[in-house]
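A quick write-up on the structure given underneath.
Derivation of every value follows stated rules applied to the coordinates shown; laboratory data play no part. The model shown is predicted, which means the values in this text are computed figures rather than measured ones. Every residue, glycine as well, gets a Cβ built from its backbone with ideal geometry; the counts of neighbours run over all protein chains shown.
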Amino acid sequence: MCAGEIELLVSRRGILLHVKDIAEIRKLPVTERLQLVGEIWDSILEDPDLLPVSDELIQLLENRLAAYRADPSTAVPWEEVEREVFGAD
């Protein structure tokens with residue numbers, strides 16, 4: 001295979017896709033590209049231990065958890081975060 005070429009066979013949710021080149025992926029309709037991204041993401045989530053987590057991120061998360069445990073009243077409900085980030089009502 002040359003640079004920029006991949007070979008994918010995705011068979012899930014009733015869709016079968018065989019792609020050999022990134023250029024082919026770019027030609028797909030947005031809905032199919034999004035589904036492909038979802039399929040790739042799902043495959044990553046199947047083995048989360050393979051995801052690299054930096055020491056800095058671990059420390060940040062531990063600090064945030066400690067802050068929450070020290071004062072749970074400072075937590076922001078998900079609905080409020082969602083509204084602020086996504087503009088959801």
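Cβ-Cβ distance of ILE22 and VAL85, R₀ of 22 Å, FRET efficiency by 1/(1 + (r/R0)^6): the value works out to about 0.15. Distance between the 7 Å Cα→Cβ label points at VAL76 and GLU46: 3.6 nm.
Put in order of Cβ neighbour count within 10 Å, fewest first, the listed residues SER73, SER43, SER54 become SER73, SER54, SER43.
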